[in-house]
Structure formats: C-alpha cells, structure tokens
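What follows is a set of notes on a single structure, which appears directly below.
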Amino acid sequence: MQNNCCASNRARFSPFALGAILILTACSGGEAVMTGADRLISEGWEAATGLEPMAVGVVTNHTGRLSDGTHLVDALLDHEIEVVAIFSPEHGFEGAAAEGARIYSAGETYREVPIHSLYGVSTRPDETMLTGVEVLLFDIQDVGARFYTYTSTMARTMEAAAVKGIPYVVLDRPNPIGGRIIEGPVLQPEHTSFVGLFPVPIRHGFTVGEYAQWMCGEGHLPGGTDLDLRVVRMVGWERGMSFSDTGVPWVQPSPNMATPVTALVYPGICFVEGSNLSEGRGTVQPFELVGAPWADRVEISDRLNQLELPGVRFHPITFTPGLPGTSVEVKWKDDICQGVKIEITDAKAFRAVVTGVAVVSAFRRIHPDEFRWRGPHFDRLAGVSWLREGIEAGEDPRQLEARWLAGTDAWRETVAGYLLYP
C-alpha cells in the first residue's frame, strides 16, 4: 500500500456524466475487482492509507466512484473525512467538456468544496489552491495510453505535493486495456508535451498506481524532491484481465471514450488526430471509424485486410460526423466520409499501435495528394519523428513495429520492479 519515494446539498452532475455512469456494467465469472476507492471507504482512512486523519485535496472527476456508483467525494464527506479542495483534469469535474477545451472553475463548488480546474490557466495547483490541503488523494479512471492526459495531471499534482512536502495517495484502478501488452515507441525528450511527459511507450501497461511509483522511483519529480507516495492497491486485479473480467462498472472517462472497445483501439487510432482524416469524432463510434470524403473505402479496407494484422478486421463504411457537443473540432463535420470500420476479432491478439500505423499509412499511400499531416501533432502523439518519416517513406507497418520492439523490450525490464499485480 505504501511507497516512500526518492528518500450540504449535493450538486448534480451534467446529463453527459449521468448518462456515462454505469452505462456498461461488466460481468465477471468470479468476484469483482475491488478498487482502491472501495478499499479506502470499506477499510477506513487510517487502515487503507496508513495516515492520520488529514485535510484532503481530491484529484478526481466523474469517474471517481465506488462500485455502487457513489462519488468518492460524497463517500469521504459522509464518512466525516475532511475534504477542503477538489482538483479536476481535462474534461472537467463532470467529465462533459470536449477534448482540449480550457476549463475555468473559479467559484465552482461541489457540496461547498471548491473545485480547481487543472486544465485552464495552469496544469499544476498553485499555493493558493493548496491552502489548507494536508494530503492529495488521486482517483481517476485512466485508459492506458501515454497521451491520455489524466496521468499528466497525476504527475503535475505529485510534483505539487512533493514541493509542498505533503503525502500523495493514489487509489488504484484497473488499466482497462490490460497490463501485459506493451506497444509503441518510447517517447524521446524533444517531443515532451502534456500528451507525453515521460519516456514511456504509447501503450504502457501500467495502472495509475504503478505509473505513480515509476515516476517517483525514476526521479521524474522536480530537483530530486522527496515524495511520501502511498498506493491503495486493488484486490483481485491481474494484468491479463480485460475490463469485462473485472466486474467494475464502466464509467465513460471522457465524451469520446464511449466503451472499453474504444479504449482498446485508442492507443493506435488516436494517431489519426495528427492528420486530416476523421477519427470518428462526432459519431457514436469514435476511434472505431476512420475516413474522409475523398477516400476509396473498398481499396483501403482491402489493403488493410491483406496485411493480416492480428485480432482485427476492416470493413468499408460510409459515415457522417456531426453529433453536437462531442468535440472541440469535428473534422469533415456534416460531410459524407468514406473509410473503414475497425472490428476487433481477438482482443488478446489485437495490437492497437501497429494497427493505427497501418491505417494512417494505407490512407496516405492510396491518397497521397489528399492526405495531410496536421502540423507537429502526429510526432507529439508518437513521441518520435521517425515513425512519421517511416510512413512517408512507405515502410511496411510491421517493419516500423519491429523498430520499436527493442525499446519496449528494454523498457519492460526496467519497470518490472514497479509492478504491483501478477
């Protein structure tokens, strides 16, 4: 549970958040996994964290829920644990804001507790926000991809806790795409950004608790600062579990992370954001659909299927992005797009990152005159420039995959000591 690193009316959630909560309840043949949040409330603050009662700042959003649907902040207050501040990540406390939308929460409260946005003016809490906070508590559902920003918010709040000299507690949750498969290039320092702060592969296999231990243990906090890091582990989670194996209710982490299937394709199909292709935002199947008005859906799906990538089939499809309120920018909004639907046929065999590389490569190769990169964003997501350069040179996606395998194999060995689950 512990790792000391480096030395009264309840507000209502938005219709989106209410609709996202428990929309997909996973089924398990055995006992459901017990999350860190459930352990904290069932065992009590002192038993679960090893800390005396303290004034708590909670880093959370709409996903910070117990297995019965109770929000963590409600559970803490109802158990007479003092909550003095709430810190919210991208998409806001209610989880309804579109990707990239800046959120300014001045004056907002939940049950009279002030909410501070960490995706507006600053991504790190300042001294004023931390006034009266004696411990920071993190409980957010991540999706297991380096460029999903919830772990960046965790990093920034860990840094703030280290500087202030207060403990940091992570309530661990399942990695919804499992913990065994590691994929993609390890980020190179020149591509560091809020969608990639540290040298990890795209699909890293960590739970948030493991990620926190790695960040702390590898010296990624500022200036060698010590941090009293404590992880309240899950009970019953294993690395090979799919999300449906866990028995944990699915709470949609963000407006376009609709289902666990979305999370599974996301580490690769998110590459499409770095091009002028639609990644399915503005539809009911974001990241499962890719296309553009000028694409040849049949030729592209045939080319992709000829690659015989593991665990996936591609189907020609026509779709029209246009659902309101799902994205800051919906590419090809209200235009009829021709493209492919991604069908996962074997989740354990499926490799999201090489699939994403293959999809981008196929569209570019078949439509070189229409395809465009969107500035440096593809490289930010990839964490390297050589992946884009390889696509431009027409390299086979499996050759590019082979190029990152040496890095992921070495990385897997270095992180073994930080893993908490079999």
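Assorted remarks:
- For the stretch 2-252, radius of gyration divided by Kirkwood radius, i.e. Rg to Rh on alpha-carbons: 0.93
- Dipole orientation for the chain: of the candidates H377, A258, I336, I336 has the Cα lying most toward the positive pole (charges on Cβ; Lys, Arg +1; Asp, Glu -1).
- Taking every Cα-Cα distance in the stretch 260-403 and sorting them into 5 Å bins starting at zero, the pair-distance distribution P(r) comes out as 2, 11, 21, 25, 23, 14, 4, 1, 0 percent.
- Take each peptide in 394-403, 333-342, 288-297, count the other Cβ atoms within 10 Å of every residue, and average; sorted highest first, the result is 288-297, 333-342, 394-403.
- Given their separation in residues at 0.36 nm each and the Cα-Cα distance between them, I336 and D68 gain 92.3 nm when the chain is fully extended.
- Sequence-distant residues sharing a close amide H with L227 (under 5 Å, placed H): C5
- Long-range HN-HN contacts of K341 with modeled amide H, under 5 Å: H315, I317
- Using the Karplus relation 6.51 cos²θ - 1.76 cosθ + 1.60 with θ = phi - 60°, the per-residue 3J(HN,Hα) values for the stretch 115-120 come to 9, 10, 6, 10, 9, x Hz, with x marking Gly and Pro.
- Sparse-neighbourhood loop sites, GluC sites (Glu not before Pro) in the stretch 111-158 - DSSP loop, at most 11 other Cβ within 10 angstrom: E112, E127
- Hz values of 3J(HN,Hα) by residue in the stretch 203-215 - Karplus curve (6.51, -1.76, 1.60), Gly and Pro given as x: 9, 8, x, 7, 7, 5, x, 5, 4, 4, 4, 5, 4
- With helices as the sole contributors, the chain gives -8500 deg cm²/dmol at 222 nm; each DSSP H run of n ≥ 4 counts as -39500 (n - 2.57), and the sum is divided by every residue.
- When only Cα pairs below 8 angstrom with a gap of at least 6 residues are kept, the stretch 260-403 shows a relative contact order of 29 percent.
- Partner aspartates and glutamates for K331 [C-alpha distance under 20 Å; skip if fewer than 8 residues away on the same chain]: E99, E273, E279, E288, D296, D369, E370, D379
- Karplus (6.51, -1.76, 1.60) ³J(HN,Hα), θ = phi - 60°, over the stretch 318-325, in Hz, Gly and Pro reported as x: 10, 8, 10, x, x, 4, x, x
- For the chain, the direction-averaged projected area of the alpha-carbon convex hull comes to 19.0 nm².
- Set of lysines with alpha-carbon distance to K333 below 29 Å, sequence-local pairs under 8 removed: K341
- Long-range HN-HN contacts of F194 with modeled amide H, under 5 Å: none
- Low-density loop positions, chymotrypsin sites (Phe, Trp or Tyr not before Pro), the stretch 224-254 - DSSP coil, at most 16 other Cβ in 10 Å: none
- Efficiency of FRET between A47 and R124 - r from beta-carbon atoms, R0 35 angstrom, step 0.05: 0.70
- The stretch 190-344 gives an Rg/Rh value of 1.04, both radii derived from C-alpha positions and Rh following Kirkwood.
Taken together, the values in this text are just the output of simple stated rules run on the coordinates, not laboratory data. Note that the structure is predicted; figures quoted are calculated from it, not measured. We place every Cβ from the backbone using ideal geometry, glycine too, and count neighbours over all the protein chains shown.
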